[in-house]
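The values are calculated or read from the model by the stated rules, or taken from the named source; none is laboratory data. All figures in this text were calculated on a predicted structure; none of them were measured in a lab. As a convention, Cβ positions derive from the backbone with ideal geometry for all residues, glycine included, and neighbour counts pool all protein chains shown.
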């Protein structure tokens, strides 16, 4: 037998849920994934997915995961104020935590309501080509939640620092000349 893939394991979890449902047992998708992972000898789904290569990017930079308590509360800050775009959102099933991706000009962030995904007050350093243009853009927003300044003498170059509703710090920095 060839090595399983994450798609194969997810299909097995779906089949397990269907078979259990037919027998009168409702099982959430997350629990089905955990049970199948145990059958493959893994501690849990996360460990198995990592071993199968799901969590390792094929190429490219890593993506910061910022912990937020409520995506609906965080999104106006990221989308309306900072100008990010909501790329996608994911829930394992209704009522479970939400996980979303936002992006802007090559910067990609994941916002997660999942308890185990980091903790509030994370810091992300984001390179920008013109921190002063970003500063002017943010200052021009009506009803802006913050009025940050630019620290011209910050390490790494002029930096604009904003803090999201959950204490995560985003440092937009322009490389010093």
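Of the conditions (1) in contact with a helix residue (DSSP H, G or I) (Cβ under 7 Å, 6 or more places away or on another chain); (2) within 18 Å of residue 75 (Cβ to Cβ); (3) assigned to a strand (DSSP E or B), residue 124 satisfies every one except a single condition; which number is it?
It is condition (1) that residue 124 fails.
For residue 136, only one of the following conditions fails: (1) outside any loop (DSSP other than H, G, I, E, B); (2) touching a residue at least 12 places away in the same chain (Cβ under 8 Å). What is its number?
(2)
If we scan the stretch 161-176, do we find a residue that is under 24 Å from the mean Cα position of the chain (by Cα), closer than 18 Å to residue 77 by Cβ and at pLDDT below 90?
No, the stretch 161-176 contains no residue that is under 24 Å from the mean Cα position of the chain (by Cα), closer than 18 Å to residue 77 by Cβ and at pLDDT below 90.
Filter the stretch 68-98 down to the residues that are in contact (Cβ under 8 Å) with a residue 24 or more places away in the chain and either touching a helix residue (DSSP H, G or I) at 6+ places or on another chain (Cβ under 6 Å) or under 20 Å from residue 10 (Cα atoms) (or both) and list them by number.
Those that are in contact (Cβ under 8 Å) with a residue 24 or more places away in the chain and either touching a helix residue (DSSP H, G or I) at 6+ places or on another chain (Cβ under 6 Å) or under 20 Å from residue 10 (Cα atoms) (or both): 68, 84, 92, 93, 96, 98.
For (1) under 21 Å from residue 156 (Cα atoms); (2) loosely packed, with under 15 Cβ neighbours inside 10 Å; (3) more than 13 Å from the chain's Cα centre (by Cα), each residue gets a yes or a no:
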position: 106; (1), (2), (3): yes, yes, yes
position: 113; (1), (2), (3): no, no, no
position: 120; (1), (2), (3): no, yes, no
position: 125; (1), (2), (3): yes, yes, yes
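Hey, could you check the stretch 155-166 for residues that are in contact with a strand residue (DSSP E or B) (Cβ under 9 Å, 6 or more places away or on another chain) and in a loop (DSSP other than H, G, I, E, B) and say which is farthest from residue 134 (Cα to Cα)?
166
Would you mind listing the helices (runs of 4 or more DSSP H) fully within the stretch 1-120 where at least 1 residues are at pLDDT 85 or above and farther than 25 Å from residue 160 by Cβ?
6-22, 29-39, 71-75
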